[in-house]
Amino acid sequence: MSKLPSRLQPFWPVAKRVHRLLTLLVGVVGRALRPLAGARAVPRGAVATVGDWAARPEDGVLLHGWRPPTPLGRTPPPGEPTAHWVFSRADRTVAPATFCLEVPDGTVVGGTGAVISRSGLLDVETSPYFGTSTWREHPLFLRGRLPPVTRVPGDVLVLATRGSANYYHFLTDVLPRIGDYLERVPGADPEVTLLVPQERAWQRTLLEIAGYGHLPTVPDDPAVSVRAERVFAPSVPNVLEVAPEPVVSWVREHLRPSVDADPTPRRLYVTRGAVPNTRRVVREDELREGLLARGFEVVEPGSLSPQEQIDTFSAAEMVVGPHGAALTNLLFAPAGVTVLELFTASYVNQCYWSISCGIPEAHYEYLVDGDVARHGDGSAMNAILADIAVDPSRVLAVVDRLLAERHGVRAEG
């Protein structure tokens, strides 16, 4: 997500282009001055695919447990308008390859989890970044040189990646990398040191709930750069935001409701608040009134502890809300949950539908507001935090139909 203040969010696409251009220019200078930077030199180049490491034996990089890309075979969901192109785009129909790299005498830079070999090559597949078209645009190069490099004894497992500070990416990109390491690396050390984001309390808590809070850690901070005897870098499991079934299953298995969680079915409306340019629902007061009359409760997951979020969504029979990180909690929803996600036409994203695909018998629908014709197949879809001005009556009509369908299924059972 863009880090611009909310009032500047409409300028995000321009800011992103400027950022990429500056990174390219500064990177050229930084690579030219590598001999003067010593251990803090930026990467001299990059390796595009993990299979290419075999041609560079001097780096000693090993590839563990590689599995090829896997077709997802998903049927696009129903919604308004029907057959929206975002839910069937070709680059989201395959789960990417999975693996774990072992990088001897490797370096990892905090903030993005960038992995660098001992000869100074950036591994592209384990060091992705949003909206870049080449490794030369990686924000690592905007610094000109690396932070001071600290030697860490033993092995380091890289969990951090782009977007680690976001709840969605922490749960779908960061934590599941533990499972890939333990599954794919022969003799994997269960007490390995983790390079993991931990600045926020909820990150530390989720790590503890998952059962790994006892492990030694290195903070994922832009001012941190570490070198270890061996750096283990699993593939980023949800890099395409398609939530492959193993990712969803790992999270549901390792982050469980508390033993005293109330199992009474709940209808949830997930709010994003009232601040402009935050993907809020503009006429939310009207929508809330109608939903409350239909037995919904309004939840703001950011005000709940991680365990409270897990417990709340573990009882959800129906979830309605605008697109946003709070819907990541669908990972904890029970089988058969019904989901209605709201979008504005200038930004539609399939990531929470993808999560629902991994929940048994879940039913997902979307509702897109605005002039969809202006944002057709191939649109940049970069109005990331544009507000949603949907007519509440449209939402309530869909909710009434979905509730009736749920009632019908229960009556027939």
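Quick one: in region 384-405, of everything that is of a type in the set (Gly, Ala, Ser) and within 20 Å of PRO77 (Cα to Cα), which residue is surrounded by the fewest Cβ atoms within 10 Å (Cβ to Cβ)? Even if it seems obvious, please write down each step before you answer.
Narrowing region 384-405 to residues of a type in the set (Gly, Ala, Ser): 386, 389, 393, 397, 404.
Cutting the leftovers down to within 20 Å of PRO77 (Cα to Cα) gives us 397, 404.
Values: ALA397: 14, ALA404: 10.
This residue is ALA404.
Restrict the check to region 57-68 and report whether at least one residue is surrounded by 15 or more Cβ atoms within 10 Å (Cβ to Cβ) and under 30 Å from TYR366 (Cβ atoms).
No, region 57-68 contains no residue that is surrounded by 15 or more Cβ atoms within 10 Å (Cβ to Cβ) and under 30 Å from TYR366 (Cβ atoms).
Within the bounds of region 197-212, is there any residue that is closer than 25 Å to LEU121 by Cβ and of a type in the set (D, E, K, R)?
Taking every residue of region 197-212 in turn, none turns out to be closer than 25 Å to LEU121 by Cβ and of a type in the set (D, E, K, R).
Could you tell me which numbered condition VAL196 fails, if it satisfies all but one of (1) under 22 Å from GLY302 (Cα atoms); (2) surrounded by 18 or more Cβ atoms within 10 Å (Cβ to Cβ); (3) touching a residue at least 60 places away in the same chain (Cβ under 8 Å)?
(3)
For the structure I just gave you, tell me whether VAL348 is within 19 Å of VAL248 (Cβ to Cβ), assigned by TED's automatic domain parsing to the domain that holds GLU297 and either in contact with a His (Cβ under 8 Å, 6 or more places away or on another chain) or aromatic (Phe, Trp, Tyr) (or both).
For VAL348, the condition - within 19 Å of VAL248 (Cβ to Cβ), assigned by TED's automatic domain parsing to the domain that holds GLU297 and either in contact with a His (Cβ under 8 Å, 6 or more places away or on another chain) or aromatic (Phe, Trp, Tyr) (or both) - is not met.
Please enumerate the residues belonging to region 61-79 that are in contact (Cβ under 8 Å) with a residue 24 or more places away in the chain and in contact with a helix residue (DSSP H, G or I) (Cβ under 9 Å, 6 or more places away or on another chain).
VAL61, LEU62, LEU63, HIS64, GLY65, TRP66, ARG67, LEU72, ARG74, PRO77, GLY79
Give the number of residues within region 349-385 that are within 16 Å of ALA243 (Cβ to Cβ) and in a loop (DSSP other than H, G, I, E, B). Reasoning before the result, please.
Step one: of region 349-385, the residues within 16 Å of ALA243 (Cβ to Cβ) are 349-360, 362, 364, 366.
Remaining after also requiring in a loop (DSSP other than H, G, I, E, B): 349-350, 358-360, 362.
Within region 349-385, residues that are within 16 Å of ALA243 (Cβ to Cβ) and in a loop (DSSP other than H, G, I, E, B) number 6.
Answer with yes or no whether THR150 is of a type in the set (Ser, Thr, Tyr), over 18 Å from HIS19 (Cα atoms) and part of a strand (DSSP E or B).
yes
Which ones in region 199-211 are surrounded by 19 or more Cβ atoms within 10 Å (Cβ to Cβ), without any contact (Cβ under 8 Å) to a residue 40 or more places away in the chain and either in contact with a Pro (Cβ under 6 Å, 6 or more places away or on another chain) or assigned to a loop (DSSP other than H, G, I, E, B) (or both)?
Scanning region 199-211 gives a single hit, GLN203.
Looking only at residues in region 331-348 that are outside any loop (DSSP other than H, G, I, E, B) and touching a Pro at 6+ places or on another chain (Cβ under 8 Å), which one is surrounded by the most Cβ atoms within 10 Å (Cβ to Cβ)? Break it down stepwise before answering.
Of region 331-348, the ones outside any loop (DSSP other than H, G, I, E, B) are 331-332, 338-344, 347.
Then drop every residue that is not touching a Pro at 6+ places or on another chain (Cβ under 8 Å), which leaves 332, 341-343.
Values: PHE332: 23, GLU341: 27, LEU342: 23, PHE343: 24.
Looking at the filtered set, the residue picked out is GLU341.
The values are calculated or read from the model by the stated rules, or taken from the named source; none is laboratory data. Just so it is clear, the structure is predicted and the values come from calculations on it, not from any experiment. Heads up, the Cβs are rebuilt from the backbone with ideal geometry, glycines too, and the neighbour counts pull from every protein chain shown.
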